[in-house]
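Participant: This is the structure I have questions about; it appears just below.
The values are calculated or read from the model by the stated rules, or taken from the named source; none is laboratory data. The model shown is predicted, which means the values in this text are computed figures rather than measured ones. Cβ coordinates were reconstructed from backbone atoms using ideal geometry, including for glycine residues, and neighbour counts include every protein chain displayed. Ligands, DNA and RNA are stripped out before the accessible areas are found, and what is left, the full protein with its side chains, is counted by its heavy atoms. Shrake-Rupley method; radii C 1.70, N 1.55, O 1.52, S 1.80 Å.
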Amino acid sequence: MIETYRRLYGSVDGLRVFRAPGRVNLIGEHTDYNFGFVLPVALDLATFAATAPAADGKLRLHSIERQETREFDVAGLAELSPAHHWTDYPIGVAREVARLGFAIQPANILIHSTVPEGSGLSSSAALEVSSALAFLGGRELAPLELAKLCQRSEREFVGIPCGIMDQYISVFGREHSAVKIDCRSLDHQLVELPDGVTFVAVNTMVKHALAGSAYKDRVAECAAAVTAIQQEFPSVKSLRDVASQDQFESVAGLLPPVVARRARHVVSENERVERFVASSARGELETMGKLLVASHRSLQYDYEVSCAELDFLVDHALPIDGVYGSRMTGGGFGGCTVTMLRPGAVEAFAASIARSYERRFQVTPRIYRCNPSGGAREVTSSETIPAVG
Ligand code: ADP
Ligand code: MG
């Protein structure tokens, strides 16, 4: 990556490199923007932002994955509108960094990522957080503020009404641990996963066009559910506040049927996160696996954000030897599944699922081991900066 930087920008004087990981969410899907619980793991797949001062007053952004450079006037960042282009992610972040009082310095920035784009492993948050660290250039910002500014940028500049999970885990990820995040209090708890299991993500290699609009629809449907539930329970400010599935069923009849199904997913999913964490602490592997499958079915039938490719991967994972459970992960309509299995079963699982998927869809799925890694930071040793290509 350093050599590419030198070739592109001529000099590596003053170069600093920042890394922010992608993530896989083990359970708690579409709960973050309802202020509920999620349980992601930061991955060893990550986005790297290399930055050094630019002498000519410009801000340049180059993505190795896009093979493209764009140039901006530092003084004009506040006046920019979204360009519906990948640079919206770092530019939105630059504007938020500046708004917090950290002036954006002219810089040449090179982006390189090992997180697959649009696959539900959160390449967007990895890009935002690594860019934010590059813009800050070592200036101190509290980790929670860093996560929040990146979320604000995706919501307000990119225009996706996302929750806090992706940016939070990219900042707070920890080796050997999943992180249970309370998306209301913004506290978290490290969750050590039991011995004898590992997690693997399988990429459908598709992202259906519906994904973006359906995400916004679900956010709106959840808001409609809250408004209706408030007629009975005025203290419910978000679906997180529904105390139990029983409480929800007592008012479900007030909601239009589709809205009721959306809300039922969110309420039951929050409970599944709690039960998954409790089962994990007790080493109840079978129960954990069943909760993953229940999460998938709820996303498939009640929340309706799955697709044929994801359902196929889940259905074909479950009978494979050593598999405890499997579900779609991320927003849905493509992207990845996450599967919990015995470590010794990974190779045979990968071969078997790839074979069935290829036969059915004529596409080879990419498969990633989910090794829990640390959160965003500056990379100081050249060994950990990836080679390109
Ligand atoms: P996910 O976060 O699940 O990967 P999103 O649709 O939220 O999917 O974000 C993907 C978008 O993020 C891409 O379309 C692109 O605009 C941007 N992006 C992510 N990684 C890169 C990269 N390495 N170079 C340029 N743009 C990137
Ligand atoms: Mg994203």
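Participant: Would you confirm, using the coordinates I've provided, whether Val277 is in the same structural domain as Ser213 (by TED's automatic domain parsing) and either surrounded by 23 or more Cβ atoms within 10 Å (Cβ to Cβ) or out of contact with any strand residue (DSSP E or B) (no Cβ under 7 Å at 6 or more places or on another chain) (or both)?
Facilitator: no
Participant: For the list (1) within 14 Å of ligand 1 (Cβ to nearest atom); (2) within 16 Å of Leu26 (Cβ to Cβ), I need the number of the one condition that Ser326 fails.
Facilitator: Tallying (1) within 14 Å of ligand 1 (Cβ to nearest atom); (2) within 16 Å of Leu26 (Cβ to Cβ), Ser326 fails exactly one: (1).
Participant: Hey, does region 66-81 have a residue that's under 25 Å from Gly14 (Cβ atoms), near ligand 1 (Cβ under 9 Å from one of its atoms) and in the same structural domain as Ser153 (by TED's automatic domain parsing)?
Facilitator: There is at least one residue in region 66-81 that is under 25 Å from Gly14 (Cβ atoms), near ligand 1 (Cβ under 9 Å from one of its atoms) and in the same structural domain as Ser153 (by TED's automatic domain parsing).
Participant: Shifting gears a bit: Which residues, taken from region 299-317, are touching a Ser or Thr at 6+ places or on another chain (Cβ under 6 Å) and either open to solvent by 30 Å² or more (accessible area, probe 1.4 Å) or away from ligand 1 (no atom under 16 Å from the Cβ) (or both)?
Facilitator: Gln300, Leu313, Val314, His316, Ala317
Participant: Could you grab me the full set of residues in region 118-158 that are polar (S, T, N, Q) and more than 8 Å from ligand 1 (Cβ to nearest atom)?
Facilitator: Across region 118-158, the qualifying residues are Ser130, Ser131, Gln151, Ser153.
Participant: Can I ask one more? For region 139-180, enumerate the residues that are away from ligand 2 (no atom under 16 Å from the Cβ) and in contact with a Cys (Cβ under 7 Å, 6 or more places away or on another chain).
Facilitator: None; the set is empty.
Participant: From the list Ala20, Ala42, exactly one residue is in a strand (DSSP E or B), under 22 Å from the mean Cα position of the chain (by Cα) and under 30 Å from Arg262 (Cβ atoms). Which is it?
Facilitator: Ala42 is the lone residue from the list that is in a strand (DSSP E or B), under 22 Å from the mean Cα position of the chain (by Cα) and under 30 Å from Arg262 (Cβ atoms).
Participant: Exactly one of these conditions fails for Cys162: (1) modelled with pLDDT of 95 or more; (2) within 16 Å of ligand 1 (Cβ to nearest atom). Give me its number.
Facilitator: Among (1) modelled with pLDDT of 95 or more; (2) within 16 Å of ligand 1 (Cβ to nearest atom), the lone unmet condition for Cys162 is (1).
Participant: When the residues of region 88-110 are narrowed to those that are open to solvent by 40 Å² or more (accessible area, probe 1.4 Å) and among the small types (Gly, Ala, Ser), which ends up nearest to Gly330 (Cα to Cα)?
Facilitator: Ala98
Participant: Mind checking whether some residue in region 282-289 is under 24 Å from the mean Cα position of the chain (by Cα), under 30 Å from Phe361 (Cα atoms), surrounded by 14 or more Cβ atoms within 10 Å (Cβ to Cβ) and modelled with pLDDT of 95 or more?
Facilitator: yes
Participant: Could you tell me which numbered condition Val236 fails, if it satisfies all but one of (1) surrounded by 18 or more Cβ atoms within 10 Å (Cβ to Cβ); (2) within 19 Å of the chain's Cα centre (by Cα)?
Facilitator: Only one criterion in (1) surrounded by 18 or more Cβ atoms within 10 Å (Cβ to Cβ); (2) within 19 Å of the chain's Cα centre (by Cα) is unmet by Val236, namely (2).
Participant: So Leu127 ticks every box in (1) more than 15 Å from ligand 2 (Cβ to nearest atom); (2) under 18 Å from Glu68 (Cα atoms) but one. Which box is left unticked?
Facilitator: In the conditions (1) more than 15 Å from ligand 2 (Cβ to nearest atom); (2) under 18 Å from Glu68 (Cα atoms), Leu127 misses (1) alone.
Participant: Look at Ala55 and say whether it is over 27 Å from Ser268 (Cβ atoms) and open to solvent by 30 Å² or more (accessible area, probe 1.4 Å).
Facilitator: yes
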